[in-house]
Amino acid sequence: MSGLGKGITASSIGVLLKSKGLKVVPVKIDPYLNVDAGTMNPYQHGEVFVLDDGSEVDLDLGNYERFLDVNLTGDNNITTGKVYRSVIEKERNGDYLGKTVQIIPHVTDEIKERLRRLGEGADVVLVEAGGTVGDIEGAPFLEAARQLAMEVGKENVLFVHTTLVPVLATVGEQKTKPTQQSVRELRGIGIQPSAIVARGEEPLHDDIRKKIAFFCDVPVEGVVSAPNAPSVYEVPILLDEQKLTDYIMERLLLRAQAEDLHGWRDFLDRLRNPERECTIALVGKYTHLRDSYLSHIEAFHHASAATRCRVRIRWVESMDIEKRGAEPLLRGADGILVPGGFGDRGIEGKIAAVRFARENGIPFQGVCLGFQLATVEFARNVLGLEGANSSEFKPGTEHPVIDLLPEQKSVKAKGATMRLGAHEVSLEPGCAAAKLYGDTTVFERHRHRFEVNPGYIEKIEAAGLKYVGRSDGGRRMEVLELQGHPYFVASQFHPELKSRPLRPSALHLGLVRAASKAK
């Protein structure tokens, strides 16, 4: 079922196999008909994660990148939309030589071919099949997996089934029937799981573990308990302590080439044992679904471990600021983050949050839209440009300090048409961002259509808001810093997307450091 933790389970298994010295290639299968996640509302699937190559993908690929410390491409995300589009294009080109094109074999062959290509040079291809067993849209992918197991030999494929083991409040007993039923459904399509990861609020009881093993025809050592954990980064250790790593290695006849979880354990130790804490107010438009800001949450976890400062996120809906004002909702925050977003809902609340941070000397970080609104706020309230705005929200504004990218003006389609992916950014030597990165050249990921209007840059900088990071030969503004402020840094790019447990986002790290000093 959706939201059960298949992505974290897959990522954790990847960490464990990588710790054995194996090259692991993760793949996420999303059965929806969308070609990619780019046009989805965050309330549908959480945040849209952007890769270096500009692909807009499911947030689980962010988990893979963070856990495995790898940079993936769009090929690592397979969707029904991608598969069907490819099959139809081949049919139109005559690749099937006049045959009747069908789900089997043509669609399943396309899926298998994509998985085989990704596996070239890898020791293990780790595939997460999204959705729920029994869903109609997921059937071709599970059938392709069954066929692939037959073709490469069942000794080279291991199926791991993540299931829910609920506890009914009326009896207080862990129930195995949902697991039994879903395994029966898998068997009905020819797939026998070799391991079961049992999710639940509490650890699996030994008698329940044996019951699942007996009824699902899985060895007891292949039934693993995955109770709710304080942090997702605990899960690899939790699984390893139950010998899941050894079980998988034995079943797939893999040989360990290393033994290294030391860095992961050290990260966990720092995360579990902070020496102080700070409160960061995250002012967003989608705060009712925390997964909309998952990469920011994880970037703060990474920064927490690096600084030994626990970050407590205060979730602030920007619409609430418009109704109640900034002071009641932001009072007492040690730092403020204004992240990205689209559409004009809640924009004035975000601008009010920027102003509150600027005028009260509160450490501030803006990302993408937050960067643009920091420019808007400064233009309105420091330069006195009444009505200054982004042409995204007010096309006829007298002062469009944020305007559409020139190359976007003729674009009509919405899917994969923004300025996307990693771009080189040059930072001024000695600026706060350059000190945090330890370099004056960085590559960060973007996802936007609008940018700072060049016609206002000279006036804005003369008043003290400096654009210390630029790209494309200096014509695009990428990082701004406010002179005389303890920490007021914003970026057009998304630094949270490349944050890793052992290499936190530089700008989030800067915010946490500044916020901990502000206490």
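Derivation of every value follows stated rules applied to the coordinates shown; laboratory data play no part. Source: prediction; values computed, not measured. Here Cβ is always computed from backbone atoms with ideal geometry, including for glycine, and neighbour counts include all displayed protein chains.
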Next item on the list: Might you report the magnitude of the Cβ-based charge dipole of the chain about its Cα centre, with Lys and Arg at +1 and Asp and Glu at -1, to the nearest 20 debye?
Entry: 520
Notebook entry, point to check: Tilt of helix 506-518 relative to the longest C-alpha principal axis of the chain, in degrees (0 to 90, nearest 10)?
Noted result: 60
Notebook entry, point to check: Expressed as an acute angle from 0 to 90° and rounded to the nearest 10, what is the orientation of the C-alpha long axis of helix 206-216 relative to the principal long axis of the chain?
Noted result: 70
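Report, in deg cm²/dmol and to the nearest 500, the calculated mean residue ellipticity at 222 nm for the chain, where each DSSP H run with n ≥ 4 adds -39500 (n - 2.57) and the sum is divided by the residue count.
Numbers: 19 runs with 192 residues, N = 519.
So the calculated ellipticity at 222 nm is -11000 deg cm²/dmol.
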Checklist line | the stretch 244-312 versus the stretch 471-519: alpha-carbon centroid distance in Å | finding: 20
Notebook entry, point to check: Considering amide H positions built from the backbone, and no H for Pro or chain starts, which residues 5 or more places from Ile196, or on another chain, come under 5 Å of its amide H?
Noted result: His161, Val223, Val224
Next item on the list: Sort 225-235, 369-379 for me by packing, meaning the mean count of neighbouring Cβ atoms within 10 Å per residue, highest on top.
Entry: 369-379, 225-235
Check: What is the magnitude of the charge dipole of the stretch 274-518 about its Cα centre, with +1 placed on the Cβ of each Lys and Arg, -1 on the Cβ of each Asp and Glu, and no other charges, expressed in debye to the nearest 20?
Finding: 560
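Shape call for the stretch 151-279 from the C-alpha gyration tensor, a ≥ b ≥ c root eigenvalues: rounded (a/c under 1.5), prolate (a/b greater than b/c) or oblate? Provide the component values of the computation, followed by the final result.
On the way: a/c = 2.55, a/b = 1.23, b/c = 2.06.
Since a/c reaches 1.5 but b/c is at least a/b, the shape of the stretch 151-279 is classed as oblate.
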Checklist line | Residue-wise HN-Hα coupling along the stretch 148-159, computed from phi with Karplus coefficients 6.51, -1.76, 1.60 (Hz; x: Gly, Pro) | finding: 4, 4, 5, 6, 8, x, 5, 6, 9, 10, 10, 9
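From the Cα gyration tensor of the stretch 274-518, with a ≥ b ≥ c the square roots of its eigenvalues, which class applies: rounded if a/c is under 1.5, or else prolate if a/b is larger than b/c, or else oblate? Spell out each step's value before the answer.
Numbers: a/c = 1.39, a/b = 1.21, b/c = 1.14.
Rounded.
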Check: For the stretch 192-257, rounded, prolate or oblate, judged on the Cα gyration tensor with a ≥ b ≥ c (square roots of eigenvalues), a/c < 1.5 rounded, else prolate if a/b > b/c?
Finding: oblate
Notebook entry, point to check: Magnitude of the Cβ-charge dipole of the stretch 447-498, K/R +1 and D/E -1, about the Cα centre, nearest 20 debye?
Noted result: 160
Checklist line | Amide H contacts under 5 Å for Val468, placed H, 5+ residues apart | finding: Val479, Leu480, Glu481
Margin query: Modelling each spin label as a point 7 Å along the Cα-to-Cβ direction, I'd like the Ile136/Lys99 distance in nm, to one decimal.
Written below: 2.6
Check: Among the lysines, which fall within straight-line cross-link reach of Lys20, defined as a Cα-Cα distance under 21 Å, with same-chain neighbours fewer than 8 residues apart omitted?
Finding: Lys243
Margin query: If I fit a long axis through the Cα atoms of helix 6-19 and take the longest principal axis of the Cα atoms of the chain, what angle between them do I get, 0 to 90°, rounded to 10?
Written below: 80
Check: Restricting attention to the stretch 261-343, which trypsin sites (Lys or Arg not before Pro) occupy a DSSP loop and are surrounded by at most 15 other Cβ atoms within 10 Å?
Finding: Arg308, Arg331
Margin query: Please report the spacing between the Cα centers of the stretch 65-96 and the stretch 106-137 in Å, no decimals.
Written below: 10
Next item on the list: Would you work out which of Val197, Gly3, Phe356 lies farthest towards the positive end of the dipole of the chain? Charges go on Cβ: Lys and Arg +1, Asp and Glu -1.
Entry: Phe356
